[in-house]
Structures are given as C-alpha cells and as structure tokens.
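A.B. asks: Following this message is one structure expressed as structure tokens.
The values are calculated or read from the model by the stated rules, or taken from the named source; none is laboratory data. Keep in mind the model is a prediction, meaning the values are calculated, not measured. No Cβ is skipped: glycine too gets one built from the backbone with ideal geometry, and neighbour counts run over all protein chains shown.
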Amino acid sequence: MILIKENLEKRRKVYKENNKYIKIWDDIQPSWISNHVKLLREYCPELINDYSDNWISYNEIEGTPVSKLEHSNELIDKVYEFCLGSLLKTKPYVHGDWVVSNIIMKPDNSFYLIDWDNIGIYSETEVMTKLHNDLHSSFGDKFYDATGI
C-alpha cells in the first residue's frame, strides 16, 4: 500500500493498493462507518469494496478527475448540470463536496462523484451556496461565464 494523502485534521490517511483506495481513520465511531457505507451502497454501490470498524476500501473509478481536464465553458456547464442532476438523484441526501478533484469524467464522457465523506442532509440554501462556492473555487470566474449564473 502506498500512502497518497493524509488529513491531520480529520485524522485520516488514504492509501492506494492496485485498483483500490483505502481510507483509514485514527479516531472514528464504528457506527459512523456502518451508516456511511449503508448510504454509499444506496447512492453509489459500485464505489464500495469492503469496510471494517475504522476503514473503508473503495474501488477505483476509471476515468480522469475533472481537475486534470481543460476547463472549457462546455465542460464547466456539463459539470454544473451533472451536479444539479445528482442532487435530484440522491435527495434528501447530497454529496456535499463538489471540488473538481471529486468529479471523475469516465471514458464514456459521463461523470461520477467520489469522496462522499460529507454526505448529509442540508437546507437548499446551504447546498446551492456550497455547490456554487466549490465550483467557483475550482473554475474561477469561468464558472459564472459558462453557467450564466
């Protein structure tokens, strides 16, 4: 296993092994893990591989993170439309962290959300504010130009 990311604040490490990602928390309630996995199995079942009391193994989703693609107006608009569509599919829950490193463009040009650690139920105002802030943070003012918001 190769350590690829460490979040000291969340006391979490992410490792890569073959085509799997393993998140290990130093201090997490086992009930959070089991509830989290239950939600992920409902909303993105192909993502979960395995889990235990303090770790989750995720399948690698084939494709390219949007953060590594050219941020054309067409791509930005498609990403925004995808995010809005995902809100409807997972309602009342939402992903909650729409940075472009969490959005994968699959080989068929569809999109897929990874890193569901912030899944939850939030007010519509909170959701739209966070979604717009995340995408603006990722795309800059091109986000507003592309979407006409």
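A.B. asks: Residues to consider are Asp77, Asp134; find the one that is surrounded by 13 or more Cβ atoms within 10 Å (Cβ to Cβ) and out of contact with any helix residue (DSSP H, G or I) (no Cβ under 8 Å at 6 or more places or on another chain).
C.D. replies: Asp134
A.B. asks: Which members of the range 96-149 meet the condition of being within 27 Å of Tyr58 (Cα to Cα) and small (Gly, Ala, Ser)?
C.D. replies: Gly96, Ser101, Ser110, Gly120, Ser137, Ser138
A.B. asks: Which residue is surrounded by the fewest Cβ atoms within 10 Å (Cβ to Cβ), if the candidates are limited to the range 80-107 and must be assigned to a helix (DSSP H, G or I) and touching a helix residue (DSSP H, G or I) at 6+ places or on another chain (Cβ under 7 Å)?
C.D. replies: Ser101
A.B. asks: Scan (1) over 14 Å from the mean Cα position of the chain (by Cα); (2) assigned to a loop (DSSP other than H, G, I, E, B); (3) in contact (Cβ under 8 Å) with a residue 24 or more places away in the chain for the single condition Glu9 breaks and write down its number.
C.D. replies: Unmet for Glu9, out of (1) over 14 Å from the mean Cα position of the chain (by Cα); (2) assigned to a loop (DSSP other than H, G, I, E, B); (3) in contact (Cβ under 8 Å) with a residue 24 or more places away in the chain: (3).
A.B. asks: For the range 31-58, enumerate the residues that are over 17 Å from Asn118 (Cα atoms) and either modelled with pLDDT under 95 or exposed (fewer than 15 other Cβ atoms within 10 Å of the Cβ) (or both).
C.D. replies: Listed by number, the residues that qualify are Glu46, Asn49, Asp50, Ser52, Asp53.
A.B. asks: Same structure, new question: For Lys78, which of the numbered conditions (1) under 27 Å from Lys10 (Cβ atoms); (2) among the charged types (D, E, K, R); (3) in contact with a strand residue (DSSP E or B) (Cβ under 8 Å, 6 or more places away or on another chain) fails to hold?
C.D. replies: Evaluating Lys78 over (1) under 27 Å from Lys10 (Cβ atoms); (2) among the charged types (D, E, K, R); (3) in contact with a strand residue (DSSP E or B) (Cβ under 8 Å, 6 or more places away or on another chain) leaves (1) as the failure.
A.B. asks: Looking at the range 113-129 only, could you name the residues that are of a type in the set (A, V, I, L, M, F, W, C), under 13 Å from Trp98 (Cβ atoms) and in a loop (DSSP other than H, G, I, E, B)? Working first, answer last.
C.D. replies: Here is the first cut: in the range 113-129, the ones of a type in the set (A, V, I, L, M, F, W, C) are 113-114, 116, 119, 121, 127-128.
Filter once more, so that each one left must be under 13 Å from Trp98 (Cβ atoms): 113-114, 116, 119, 127-128.
Scanning the range 113-129 gives Ile114, Trp116, Ile119.
A.B. asks: Being in contact with a Ser or Thr (Cβ under 7 Å, 6 or more places away or on another chain), over 19 Å from Ile119 (Cβ atoms) and free of Cβ contacts under 8 Å to residues at least 60 places away in the same chain narrows it down to one of Lys20, Lys68, Lys16, so name that one.
C.D. replies: On inspection, the qualifying residue turns out to be Lys20.
A.B. asks: Further, regarding this structure: Of Ile28, Ile61, which residue is assigned to a loop (DSSP other than H, G, I, E, B), surrounded by 12 or more Cβ atoms within 10 Å (Cβ to Cβ) and modelled with pLDDT under 95? Reasoning before the result, please.
C.D. replies: Numbers: Ile61 fails: modelled with pLDDT under 95.
The match here is Ile28.
A.B. asks: Could I ask something else about it? Take Val66 and decide whether it is surrounded by 12 or more Cβ atoms within 10 Å (Cβ to Cβ), of a type in the set (Val, Ile, Thr) and within 19 Å of Val127 (Cα to Cα).
C.D. replies: no
A.B. asks: Scan the range 113-125 and tell me whether some residue there is within 25 Å of Arg12 (Cα to Cα), among the aromatic types (Phe, Trp, Tyr) and not assigned by TED's automatic domain parsing to the domain that holds Glu9.
C.D. replies: yes
A.B. asks: Those residues that are free of Cβ contacts under 8 Å to residues at least 12 places away in the same chain and either on the phi < 0 side of the Ramachandran plot or part of a helix (DSSP H, G or I) (or both), I need them from the range 130-149; list them, please.
C.D. replies: Asn133, His136, Asp141, Tyr144
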